[in-house]
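Take a look at the structure set out below.
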Amino acid sequence: MATSATRAQEILNASFGKGRNPAVQLLQGTIVEVVEPKTAPADGSDGRAICMRFRTDRTFDETSGRAETQPGVAAAMLDAVCANAVVLHSSLKKTVATLEQQCSFLEPIPPERDLFATATLLRMGRRVAFLKAELRLGDAHDGPLLARSTQTNSLLDLPEPRSKAKSSAPAKL
């Protein structure tokens, strides 16, 4: 049975606070939007996308005295949104191992501000997914573009959820 995008979003967001995804938890990430296009996009992409909100703490500031977040933290946000896009759009059946990530940093990443990362599936096959992602300040669609990336991911099966009910089979003596 396929999991709806809304239900998958609820499950993923609930897992971030339970230590099941420490990178997203550390970056204070949450999924805020899921896009399932009704028609094929003109750019030839798959068109399925998710948007996540992140917020960095002062602990990520460079020691140079400038108030900006290290670019590696922004790369981690872009990686996290891409991975969660695959998990969500596979109905919680797949996860990823990042094979390649290329990032372009266009503006300094400010600390202690709401940052929005949007990942779009370009193509998802049986073993590999291709995605593009953008990181924006303050607004997911119209905020200033801070960084963008493209990513290639290897698809891995997620284990089936364990049943909380005990087996009804009789115990062997």
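Restricting to segment 74-113, give me the number of residues that are without any contact (Cβ under 8 Å) to a residue 60 or more places away in the chain and part of a loop (DSSP other than H, G, I, E, B).
Number of matching residues: 7.
Would it be correct to say that Ala133 is in a strand (DSSP E or B), modelled with pLDDT of 95 or more and within 24 Å of Phe54 (Cα to Cα)? It would help to see each step written out before you state the result.
Details: in a strand (DSSP E or B): yes; modelled with pLDDT of 95 or more: yes; within 24 Å of Phe54 (Cα to Cα): yes.
Yes, satisfied.
Answer yes or no as to whether Ala85 is at pLDDT below 85, over 21 Å from Glu107 (Cβ atoms) and of a type in the set (A, V, I, L, M, F, W, C). I'd like the intermediate steps shown before the answer.
Values: at pLDDT below 85: no; over 21 Å from Glu107 (Cβ atoms): yes; of a type in the set (A, V, I, L, M, F, W, C): yes.
Judged against the criteria, Ala85 is not a match.
Looking at (1) surrounded by fewer than 21 Cβ atoms within 10 Å (Cβ to Cβ); (2) touching a strand residue (DSSP E or B) at 6+ places or on another chain (Cβ under 9 Å), which one does Phe116 not meet, given that it meets all the others?
(1)
State all residues of segment 81-105 that are among the small types (Gly, Ala, Ser) and touching a strand residue (DSSP E or B) at 6+ places or on another chain (Cβ under 7 Å); if no residue qualifies, say none. If you could, list the steps in order and put the result at the bottom.
Narrowing segment 81-105 to residues among the small types (Gly, Ala, Ser): 83, 85, 90-91, 97, 104.
Ala83, Ala85, Ala97, Ser104 - these are the residues of segment 81-105 that are among the small types (Gly, Ala, Ser) and touching a strand residue (DSSP E or B) at 6+ places or on another chain (Cβ under 7 Å).
Which residue pairs have Cβ atoms closer than 6 Å, lie 6 or more positions apart in sequence or on different chains, and pair a first residue in segment 46-69 that is more than 13 Å from Asp114 (Cα to Cα) with a second residue that is at pLDDT below 70?
Gly47/Pro37; Gly47/Pro41
Quick check on segment 19-40. Is at least one of its residues surrounded by fewer than 12 Cβ atoms within 10 Å (Cβ to Cβ), in contact with a helix residue (DSSP H, G or I) (Cβ under 7 Å, 6 or more places away or on another chain) and at pLDDT below 65?
Yes: segment 19-40 contains one or more residues that are surrounded by fewer than 12 Cβ atoms within 10 Å (Cβ to Cβ), in contact with a helix residue (DSSP H, G or I) (Cβ under 7 Å, 6 or more places away or on another chain) and at pLDDT below 65.
The values are calculated or read from the model by the stated rules, or taken from the named source; none is laboratory data. Nothing here was measured: the structure is a model prediction, and the numbers come from that model. No Cβ is skipped: glycine too gets one built from the backbone with ideal geometry, and neighbour counts run over all protein chains shown.
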